[in-house]
1. Can you give me the angle between helix 77-92 and the longest principal axis of the chain, using Cα atoms only, in degrees from 0 to 90, rounded to the nearest 10?
2. Have a look at the DSSP beta bridges in the chain and tell me what percent are antiparallel, nearest 5.
3. Which lysines have a Cα less than 18 Å from the Cα of K64, not counting those fewer than 8 places away in the same chain?
4. Skipping prolines and chain starts, which residues have an amide H placed within reach, meaning under 5 Å, of the one on W72, given they are 5 or more residues away or on another chain?
5. Just to confirm the number: angle between the C-alpha axis of helix 40-63 and the first principal axis of the chain, 0 to 90 degrees, nearest 10?
6. Counting only C-alpha contacts under 8 Å and six or more residues apart, can you give the relative contact order of segment 10-69 as a whole percent?
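What follows draws every value from the coordinates through simple rules; no lab data is involved. Keep in mind the model is a prediction, meaning the values are calculated, not measured.
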Amino acid sequence: MKGVRSRADLVFTKAKIAVFVDGCFWHGCPEHFFMPKTNTDYWSTKIGRNAARDKAVNQTLLDKGWTVMRVWEHEDSSAAADRIEAAWKQATR
Ligand SMILES: [Zn+2]
């Protein structure tokens, strides 16, 4: 089961870029999140908490001068890679 981690999926230490690949369900993707029909209270609390944690993690990293990039699992991976590469080039220029 894919849960929510607070550690980045990809880290570019020199460029200070942290990349997270967020699951559509677990992170409440605006396009793909669906509320399960049972235990609605549980799930809305759980997903809400995940989103709050994502924000807190982003803030912690930003405070340390990192660039945080979040990629939805539904995103085209080569487009995401281009986006990350562009940020990396800018950071290491
Ligand atoms: Zn999605």
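1. Taking Cα atoms only, the helix is inclined about 40 degrees.
2. Rounded to the nearest five, the antiparallel share is 35 percent.
3. Within reach: K14, K16, K55.
4. Those lying under 5 Å, H to H, from W72 are D22.
5. Roughly 20 degrees between the two axes.
6. Computed value for segment 10-69: 40 percent relative contact order.
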